[in-house]
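The values are calculated or read from the model by the stated rules, or taken from the named source; none is laboratory data. Note that this is a predicted model, so its numbers are computed, not measured. Neighbour counts are summed over all protein chains in view; Cβ atoms, including those assigned to glycine, are modelled from backbone coordinates with ideal geometry. For accessibility, only protein heavy atoms count, side chains too; no ligands or nucleic acids. Shrake-Rupley method; radii C 1.70, N 1.55, O 1.52, S 1.80 Å.
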Amino acid sequence: MISIIVHGGAWDIPDDAVESHYKGVEHALDVGWKILKLGGNAVDAVEQAVQIMENNETFDAGYGSHLNQLGEVELDASIMDGKTIRCGAVAAVHHIKNPITLARKIMDESEHILLVGNGAEQYAKEHGITICESTELVTQRERDRWETLRTKKEFKTKDAFKKLVRPSDTVGVVALDQYGNICTGTSTGGTPNKYPGRVGDSPLIGCGTYADNEVGGVSTTGWGEAMIKVVMAKTVIDLMEMNGSNPQKAAERGIEILHRKADGFGGVIALNKQGGFGIAFNTPRMARAYMNIDMNKPFIAV
Ligand code: GLY
């Protein structure tokens with residue numbers, strides 16, 4: 001069984017952005033699927049599929065991410081290999097076009113798991129990962145959004161998921177390869193107008209990302225502060241392990257816990273070790289797509 005599931009954010013995606021989200025997750029799924037189909041491994045499929053969405057200005061990851069209070073893009077990402085439970089993560093980087101690739105480099109070559117800010121960028125330079133100008137990651141759409149938000153004194157991160165504004169949020173991929181290995185990756189620009197140095201759930205292993213070949217893989221999207229409180233990704237993994245490996249039930253229960261305990265909003269994708277899918281969200285929309293060897297064509301929806 002080879003299998004892959006992708007998300008491109010759970011939020012109040014406006015009508016005029018539905019098509020770009022649909023095409024964006026379709027493209028990422030296609031790239032990851034082709035790698036798996038050709039016998040490639042889950043880590044490569046996840047890294048490449050996340051990169052596609054980081055390079056697509058539609059999503060709040062890489063190019064086109066939300067700006068922090070200083071008007072800067074500040075990026076977080078993580079990746080986890082379920083075969084070894086090795087993982088790598090970066091947070092609060094400003095000059096990295098594809099944070100998922102830096103996270104993978106840390107997973108593959110560093111003794112550490114999470115590097116932040118200047119240290120993460122120094123590691124990137126020392127390991128041949130391209131450094132870009134921070135301005136190269138900024139789009140006019142986000143510059144305009146930032147101008148609007150910073151005049152709204154009442155705006156808080158939490159409100160970002162309560163329809164006051166319409167943020168996009170985070171991308172993620174979980175893949176199962178033909179060798180039975182599961183990998184999960186998640187990448188984000190975080191919440192709009194966030195305090196500089198704020199880190200959400202996405203680079204935190206167990207909160208935004210988790211993978212374990214014995215159970216499955218999970219990636220989350222949504223209001224990071226709430227996701228962290230309920231250790232969302234590992235919670236859904238544990239639910240899957242307890243419920244006989246039903247990813248849909250685990251995802252739904254995870255979102256119920258998120259909302260009940262932390263007043264949180266967002267979405268989750270889950271894949272079990274048999275290649276079965278779970279998706280749940282409590283936002284108006286979520287960009288999502290999946291494909292496995294039993295399907296004639298991919299499922300894609302926003
Ligand atoms: N879920 C992404 C963030 O809150 O940063």
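Worth a mention:
- Residues being outside any helix (DSSP H, G or I) and either farther than 25 Å from GLY190 by Cα or in contact with a Ser or Thr (Cβ under 6 Å, 6 or more places away or on another chain) (or both) - total across the stretch 3-45: 9
- Here is the figure for the stretch 217-236: residues that are under 16 Å from the mean Cα position of the chain (by Cα) and away from the ligand (no atom under 14 Å from the Cβ) total 3.
- Selection of first residues in the stretch 215-228 that are over 16 Å from GLY189 (Cβ atoms) and of second residues that are hydroxyl-bearing (Ser, Thr, Tyr), restricted to Cβ pairs under 8 Å at least 6 apart or on distinct chains, gives the following pairs, ordered by first then second residue: VAL215/SER245; GLY216/SER245; GLY217/THR184; GLY217/TYR210; VAL218/THR184; VAL218/THR209; VAL218/TYR210.
- Single residue of the stretch 15-59 satisfying the filter (at pLDDT 95 or above and among the acidic types (Asp, Glu)) that is farthest from GLU142 (Cα to Cα): ASP44
- A residue that is touching a Phe, Trp or Tyr at 6+ places or on another chain (Cβ under 7 Å), over 22 Å from LYS23 (Cβ atoms) and touching a residue at least 12 places away in the same chain (Cβ under 8 Å) cannot be found anywhere in the stretch 288-298.
- Every test in (1) within 14 Å of the ligand (Cβ to nearest atom); (2) at pLDDT below 95; (3) crowded, with 16+ Cβ neighbours inside 10 Å is passed by PHE155 save one, and that test is (1).
- Filter result (open to solvent by 10 Å² or more (accessible area, probe 1.4 Å), within 16 Å of the ligand (Cβ to nearest atom), within 25 Å of THR84 (Cα to Cα) and part of a loop (DSSP other than H, G, I, E, B)) within the stretch 164-206: LEU204
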